[in-house]
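The values are calculated or read from the model by the stated rules, or taken from the named source; none is laboratory data. Bear in mind the structure is a predicted one, so any value in this text is a computation, not a measurement. Virtual Cβ from ideal backbone geometry, glycine too; neighbours counted across all protein chains shown. Surface areas here come from the heavy atoms of the whole protein model, side chains and all, with no ligands, DNA or RNA. Shrake-Rupley method; radii C 1.70, N 1.55, O 1.52, S 1.80 Å.
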Amino acid sequence: MIFRQLFEPESSTYTYLLSCPDTGVTALIDPVIETVDRDLRILQELGLRPDFAIETHIHADHITGGLMLRERTGCKLAGPALDELPCRDLHLREGEPMRIGNLVLNPLFTPGHTDTHHAYLLDHAGLPMLFSGDALLIEACGRTDFQSGDAATLYHSIHDKFFALPDETLVYPAHDYEHRRITTIGQEKLRNPRLGNDRPLEEFVRIMDSMDLPYPKKIDWALPGNEGCGSCPDNLPPEKERLCEIDRQG
Ligand SMILES: [Fe+2]
């Protein structure tokens, strides 16, 4: 498999490039609108074009690059069916694997950060790789205090779906704010300060409830943008308008 972990610094988002070496079929998981040019340049250097842009959830902290990628390359947009976004081409459900050439991506319904969040599990030559979205981060997890989030639901998603995976499963999160890149299920089971080391549900909910996080800076325009698969909403701040100009230039 051809694999790249790409970083967008403004929202500290990781975009993942996966490509089947047998067929050249290629996907980007969670692309960001600010880094579409960068992603296309890297793909070109690899001699690839994107076939799919796949979302883990409807993001509140950045606008997805999905729509711009589709306009510029003709790739298909994929994401959780439960999001009910008509602008997507493929609607993913747990139990219905998605094929990227000979690679098989298994959607895992993992609500809690949002109520329709999905992670994706890939078996790469016998080594499981989990794209955990915002459900499980490195020694952290996605926030649960807005956008249909629920701490108890997230606890069950992580325990029932993620911690049931083999300890050696490589975990690739959607974000890290300290430039860490990867963790494993075994490591999070032991070290995650919020719900590792067998912390009970009540303690996790108390930790999440007491976090007192600031209102997300971009949510008012990122959510409508992402509900349009990465369109530019009317309330985009002036400093972001250049993204739409690129969009229109196509
Ligand atoms: Fe998120």
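Please report, as a whole percent, how much of the solvent-accessible surface of the chain comes from carbon and sulfur atoms (probe radius 1.4 Å).
Carbon-and-sulfur percentage of accessible area, whole number: 49.
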I'd like the antiparallel share, as a percent to the nearest 5, of DSSP beta bridges with both residues in the chain. 70 percent
Solvent-accessible area per residue for region 1-128 at a 1.4 Å probe radius, Å²? 37 Å²
Largest first, how would V205, V171 line up by accessible area (1.4 Å probe)? V205, V171
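Taking the radius of gyration and the Kirkwood hydrodynamic radius from Cα positions alone, what is the Rg/Rh ratio for region 144-243, to two decimal places?
On the way: Rg = 17.0 Å, Rh = 16.1 Å.
We get a ratio of 1.05 for region 144-243.
Which of the peptides 179-186, 237-244 is most tightly packed, and how do the rest follow, judged by the mean count of other Cβ atoms within 10 Å per residue? Write out the running numbers ahead of the final one.
Numbers: 179-186: 15.5, 237-244: 12.0.
Top to bottom by mean Cβ count within 10 Å: 179-186, 237-244.
Between I207 and A125, take the C-beta separation as r, use R0 = 45 Å, and let me know the FRET efficiency to the nearest 0.05. Don't skip to the end; give the middle numbers.
On the way: r = 37 Å, r/R0 = 0.82.
E between I207 and A125, to the nearest 0.05, is 0.75.
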So for region 2-244, averaging the separation of alpha carbon pairs under 8 Å that are six or more residues apart and normalising by length, what relative contact order in percent results? 17 percent
What is the ratio of the Cα radius of gyration of region 78-231 to 2.2 N^0.38 Å, with N the residue count, to two decimals? 1.04
I need the fraction of alpha carbon pairs in region 1-150 separated by more than 28 Å, rounded to a whole percent. 12 percent
